[in-house]
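**Q** Quick one: this structure, given as structure tokens, is what I'll be asking you about.
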Ligand code: MRU
């Protein structure tokens, strides 16, 4: 399994996902500024992987500032760095979740050295936990599927978007471990091509039978009866179950409902934002016009056209047949059932 983000002794190693599938290039980063640039440029992408990279980014900053004598000054500057990291990509809540988790543990530190140590341990814990969480998501996902099923997926919610296994792609990893056969259809995922470049590559590495379609072929493919379920990841799930994910997810959900194909979202609890009431409250990242106007550096439209480039859309919860988490498959009244994941006692 290829690991997208690893940390060792003051160096964060990132698989440069902009270069895939042609080249597997690993970047060695040693400063928080380099981490921010890697997140902004999509060298590292996918909600959980961004969270892990940001956590290690904060660790890099803390380690290079351990000479600071004044603990309060250190903690204040840490908050400033954390805010800078959070601002890089506003939709994927895992980023803020991971950074806030680090801020909470550092708050209790009694010395700068203690804070650096605690931050490093907590970032590694987030990373290790995510791997196990994704594997468990895969287990729960498999309960919804049969041997021989064909799944349609969008963007890349695979191992390289997480610590390993992925979310939407986790059932494929688990199926392979169990000699169960699953087939995949991957959408190209314009404008950045995460489906064509990353999901196809990842599934081929895994030995999964995968078919590529353009985004515009999705409704027809769902209508054709060759897809048994749609499974996608998430960047932020609001308290009522409305789900932000890569632009194009909403069209898939609407088409899946129209043609009676089950539509599942796979995500860890760290993607569920109970403080965001509905999808209307989720900030949607807009990215540079060049992502739409250019392909491989070449312009494909006029120089003058106005461009709208939202990176994510929000699927209303009514279109989602189940949210596959590490705690099981959540269905029905998402408001109540998602909240119960965080406050188990309150549900009885
Ligand atoms: O812009 P990206 O490539 O970071 O968008 C990624 C997605 O939308 C994924 O589906 C989501 O982050 C889940 S990754 C397990």
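The rows are residues; the columns are (1) at pLDDT 95 or above; (2) more than 22 Å from the chain's Cα centre (by Cα); (3) surrounded by fewer than 14 Cβ atoms within 10 Å (Cβ to Cβ).
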{"site": "36", "(1), (2), (3)": "yes, no, no"}
{"site": "44", "(1), (2), (3)": "yes, no, no"}
{"site": "48", "(1), (2), (3)": "yes, no, no"}
{"site": "65", "(1), (2), (3)": "yes, yes, no"}
{"site": "77", "(1), (2), (3)": "yes, yes, no"}
{"site": "83", "(1), (2), (3)": "yes, no, yes"}
{"site": "97", "(1), (2), (3)": "yes, no, no"}
{"site": "103", "(1), (2), (3)": "yes, no, no"}
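**Q** Please count how many residues of the stretch 237-274 are touching a strand residue (DSSP E or B) at 6+ places or on another chain (Cβ under 7 Å) and in a loop (DSSP other than H, G, I, E, B).
**A** The qualifying residues number 8.
**Q** Of the conditions (1) more than 16 Å from the ligand (Cβ to nearest atom); (2) within 20 Å of the chain's Cα centre (by Cα), residue 272 satisfies every one except a single condition; which number is it?
**A** Going through the list (1) more than 16 Å from the ligand (Cβ to nearest atom); (2) within 20 Å of the chain's Cα centre (by Cα), residue 272 breaks only (1).
**Q** Of the residues that make up the stretch 325-339, is at least one under 30 Å from residue 135 (Cβ atoms), within 16 Å of the ligand (Cβ to nearest atom) and touching a strand residue (DSSP E or B) at 6+ places or on another chain (Cβ under 9 Å)? Spell out the reasoning first.
**A** At the first step, the residues of the stretch 325-339 found to be under 30 Å from residue 135 (Cβ atoms) are 325-339.
Next, only the ones that are within 16 Å of the ligand (Cβ to nearest atom) stay: 325-326.
From what is left, the residues that are touching a strand residue (DSSP E or B) at 6+ places or on another chain (Cβ under 9 Å) are 325.
So far as the stretch 325-339 goes, yes, one or more of its residues are under 30 Å from residue 135 (Cβ atoms), within 16 Å of the ligand (Cβ to nearest atom) and touching a strand residue (DSSP E or B) at 6+ places or on another chain (Cβ under 9 Å).
**Q** Follow-up. Of (1) touching a strand residue (DSSP E or B) at 6+ places or on another chain (Cβ under 7 Å); (2) closer than 27 Å to residue 96 by Cβ; (3) more than 10 Å from the ligand (Cβ to nearest atom), residue 234 satisfies all except one. Which?
**A** Evaluating residue 234 over (1) touching a strand residue (DSSP E or B) at 6+ places or on another chain (Cβ under 7 Å); (2) closer than 27 Å to residue 96 by Cβ; (3) more than 10 Å from the ligand (Cβ to nearest atom) leaves (3) as the failure.
**Q** Given 212, 174, 198, 222, which one is touching a helix residue (DSSP H, G or I) at 6+ places or on another chain (Cβ under 8 Å), away from the ligand (no atom under 13 Å from the Cβ) and under 21 Å from residue 268 (Cβ atoms)? Give the derivation first.
**A** Working: 212 fails: under 21 Å from residue 268 (Cβ atoms); 198 fails: away from the ligand (no atom under 13 Å from the Cβ); 222 fails: under 21 Å from residue 268 (Cβ atoms).
None of the others qualify; the one that does is 174.
**Q** So for the stretch 123-138 (the condition being over 22 Å from residue 253 (Cβ atoms) and either at pLDDT below 95 or over 19 Å from the mean Cα position of the chain (by Cα) (or both)), does at least one residue qualify?
**A** The answer is no, given that none of the residues of the stretch 123-138 is over 22 Å from residue 253 (Cβ atoms) and either at pLDDT below 95 or over 19 Å from the mean Cα position of the chain (by Cα) (or both).
**Q** Considering the stretch 115-162 alone, what residues qualify as being closer than 30 Å to residue 72 by Cα, more than 15 Å from the ligand (Cβ to nearest atom) and buried (at least 17 other Cβ atoms within 10 Å of the Cβ)?
**A** Within the stretch 115-162, the subset closer than 30 Å to residue 72 by Cα is 115-129.
Pick out the ones that are also more than 15 Å from the ligand (Cβ to nearest atom) and you get 115-125, 128.
Hits for the stretch 115-162 are 115, 116, 118, 119, 120, 122, 123.
**Q** Is it fair to say residue 95 is more than 30 Å from residue 218 (Cβ to Cβ) and either touching a residue at least 60 places away in the same chain (Cβ under 8 Å) or not assigned by TED's automatic domain parsing to the domain that holds residue 180 (or both)? Write out each step before concluding.
**A** Numbers: more than 30 Å from residue 218 (Cβ to Cβ): no; either touching a residue at least 60 places away in the same chain (Cβ under 8 Å) or not assigned by TED's automatic domain parsing to the domain that holds residue 180 (or both): yes.
No, not satisfied.
**Q** For the stretch 44-74, how many residues meet the condition of being within 11 Å of the ligand (Cβ to nearest atom) and part of a loop (DSSP other than H, G, I, E, B)?
**A** 3
**Q** Out of everything in the stretch 8-24 that is touching a strand residue (DSSP E or B) at 6+ places or on another chain (Cβ under 8 Å) and in a strand (DSSP E or B), what residue ends up being farthest from residue 203 (Cα to Cα)? Spell out how you get there, then give the answer.
**A** Let us first name the residues in the stretch 8-24 that are touching a strand residue (DSSP E or B) at 6+ places or on another chain (Cβ under 8 Å), namely 11-16, 24.
When the remaining residues are screened for being in a strand (DSSP E or B), the result is 11-15.
On the way: 11: 28, 12: 25, 13: 22, 14: 20, 15: 17 Å.
Among residues in the stretch 8-24 that are touching a strand residue (DSSP E or B) at 6+ places or on another chain (Cβ under 8 Å) and in a strand (DSSP E or B), the one farthest from residue 203 (Cα to Cα) is 11.
The values are calculated or read from the model by the stated rules, or taken from the named source; none is laboratory data. Here the structure is a predicted model, which means the values were calculated and not measured. Glycine gets a Cβ as well: all are built from the backbone with ideal geometry, and neighbour counts include every protein chain shown.
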